[in-house]
Amino acid sequence: MTDKTDRNSGRLTREDWLEAAMAAIIAGGIDQVKVQVIARTLGVSRSSFYWFFKDRQDLLDQLLAHWRATNTAAIVERAERPAATPCRAVLHVFECWVREEYFKPRLDIAVRDWARKSEQARRAVDQADTERVSALTRMFERHGYPEPEAFIRARVLYFMQIGYYSLSVEEPMETRMGYVAYYLRVFTGLEPSEQEIADFRAFLQEGAASTALSS
């Protein structure tokens, strides 16, 4: 965490606490998102928590806000990108599914588990699902799909991927890449071009190279 501390004071930042809270909810669920537990993980006294948050509820509120500003925003931004074809548009969304710096699946599942215990989290999840499906629906509509077909295609695309995460399906990336053209046919009803598949493969390779350099 030292690279993210306040350089002038040496104190941990708000982002450090949020990252630790995210790690805690992913590892052990919402019951592990406690001030004392996180302070112990960070190696600081719990009093430093109050530099950044009023109380635990404030931390939970900001954790949900951070989740919305990352995972939901990533899907919406890619669904709204200009694209020459429906297949290209869906491939933009696929970027979220293959690069965790854009969309954090384990955090998404952890927040959904939290929603089973908390009405606040339930409302946040319902709102996020609505925003995501609405963005995907608009994406299909821009490419000429009528209602309610655009809505149903959006739901199939989105619910399939969330189900993929919920079931903890694990496949080598090369296996998943081999299915891309078939997924595109199902989601769009169209045949993707070889160039579209090649561009997406290049995107994957770029991400792998970036990860290798940063590790």
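Could you list, in sequence order, all residues of segment 184-207 that are free of Cβ contacts under 8 Å to residues at least 12 places away in the same chain and either farther than 20 Å from Val156 by Cβ or among the hydroxyl-bearing types (Ser, Thr, Tyr) (or both)? Passing the criteria: Glu194, Gln195, Ala198, Ala202, Gln205, Glu206. Scanning segment 121-159 for residues that are surrounded by fewer than 14 Cβ atoms within 10 Å (Cβ to Cβ), part of a helix (DSSP H, G or I) and not charged (D, E, K, R) yields Gln127, Thr130, Ile152, Val156, Phe159.
The residue pairs whose first member lies in segment 118-144 and is modelled with pLDDT of 95 or more, whose second member is among the basic types (Lys, Arg) and open to solvent by 10 Å² or more (accessible area, probe 1.4 Å), and whose beta carbons are closer than 7 Å, counting only pairs six or more residues apart or on different chains, are Ala124/Arg68; Val125/Arg112; Ala128/Arg68; Val133/Arg155; Phe140/Arg153. Quickly run through segment 82-97 and pick out the residues that are crowded, with 18+ Cβ neighbours inside 10 Å and either of a type in the set (A, V, I, L, M) or under 24 Å from Asp31 (Cβ atoms) (or both). Answer for segment 82-97, where residues must be crowded, with 18+ Cβ neighbours inside 10 Å and either of a type in the set (A, V, I, L, M) or under 24 Å from Asp31 (Cβ atoms) (or both): Ala83, Ala89, Val90, Leu91, Val93. Residues in segment 39-81 that are open to solvent by 30 Å² or more (accessible area, probe 1.4 Å) and small (Gly, Ala, Ser): Gly43, Ser45, Ser47, Ala65, Ala69, Ala73. Being touching a residue at least 12 places away in the same chain (Cβ under 8 Å) and open to solvent by 70 Å² or more (accessible area, probe 1.4 Å) is the filter here, so list the residues in segment 167-182 that pass it. The one that is touching a residue at least 12 places away in the same chain (Cβ under 8 Å) and open to solvent by 70 Å² or more (accessible area, probe 1.4 Å): Met173. Scanning segment 183-207 for residues that are part of a helix (DSSP H, G or I), over 21 Å from Glu100 (Cα atoms) and of a type in the set (S, T, N, Q) returns Thr188, Gln195.
The values are calculated or read from the model by the stated rules, or taken from the named source; none is laboratory data. Since this is a predicted model, take the numbers as computed values, not measurements. We place every Cβ from the backbone using ideal geometry, glycine too, and count neighbours over all the protein chains shown. Just the protein is used for accessible areas: all its heavy atoms, side chains included, with ligands, DNA and RNA removed. Shrake-Rupley method; radii C 1.70, N 1.55, O 1.52, S 1.80 Å.
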